[in-house]
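Written below as structure tokens is the structure these notes are about.
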Amino acid sequence: MKQLNTFEMESISGGYSWDFSSFSSAALSLVSNSVEAVASATVLGVLIGATGTLIGGTQSGANGGIIGFGMLGNLVGMFWGLAVGATMGVVMGAAIGWEDTIQLGLDGVQGAIAGTFVPWGN
């Protein structure tokens, strides 16, 4: 079985670095990787939750209706988009790691500035 070198370990998407050479190294790896996973999950949960709120709040009631039922659809869609987006973001953030989470956030911000960030478009 091939052993990976440092460069190959760092290029693994979502890969956390583990060092079990001693008890203190293993404990430090566990703590630092846990902090990274929680931070990644939190950041991406907030970003995708906000995007889900944007999409759900603007697109859910697109079919409108009589007596404001489209507004109720937007309200439900806003909270549903927040819940589903945040849940999906937390899972994705923990899976892909800190660097990829930050890169995904930066890509979204750059797309918003450039006018190419349209998550509801086909």
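The values are calculated or read from the model by the stated rules, or taken from the named source; none is laboratory data. All values reported here derive from a predicted model rather than from experimental measurement. So basically every Cβ, Gly included, is an ideal-geometry build from the backbone, and we count neighbours across all protein chains shown.
What the table shows:
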read-out: Every pair of residues 6+ apart whose Cβ atoms lie under 8 Å, when the first sits in region 1-25 and is farther than 16 Å from Gly97 by Cβ and at pLDDT 75 or above while the second is assigned to a loop (DSSP other than H, G, I, E, B) and of a type outside the set (A, V, I, L, M); value: Ser25/Asp19
read-out: Residue in region 55-66 that is more than 30 Å from Ser17 (Cβ to Cβ), in a helix (DSSP H, G or I) and free of Cβ contacts under 8 Å to residues at least 24 places away in the same chain present; value: yes
read-out: Number of the exception - Gly81 against (1) in a helix (DSSP H, G or I); (2) in contact (Cβ under 8 Å) with a residue 40 or more places away in the chain; value: (2)
read-out: Output for region 66-122, where each listed residue is more than 22 Å from Ser34 (Cα to Cα) and acidic (Asp, Glu); value: Asp107
read-out: Unmet requirement for Leu28, which otherwise passes all of (1) at pLDDT 80 or above; (2) on the phi > 0 side of the Ramachandran plot; value: (2)
read-out: Hits in region 26-37 - residues which are of a type in the set (A, V, I, L, M) and free of Cβ contacts under 8 Å to residues at least 12 places away in the same chain; value: Ala26, Ala27, Leu28, Leu30, Val31, Val35
read-out: Residues of region 89-122 that turn out to be outside any helix (DSSP H, G or I) and surrounded by 11 or more Cβ atoms within 10 Å (Cβ to Cβ), as a count; value: 4
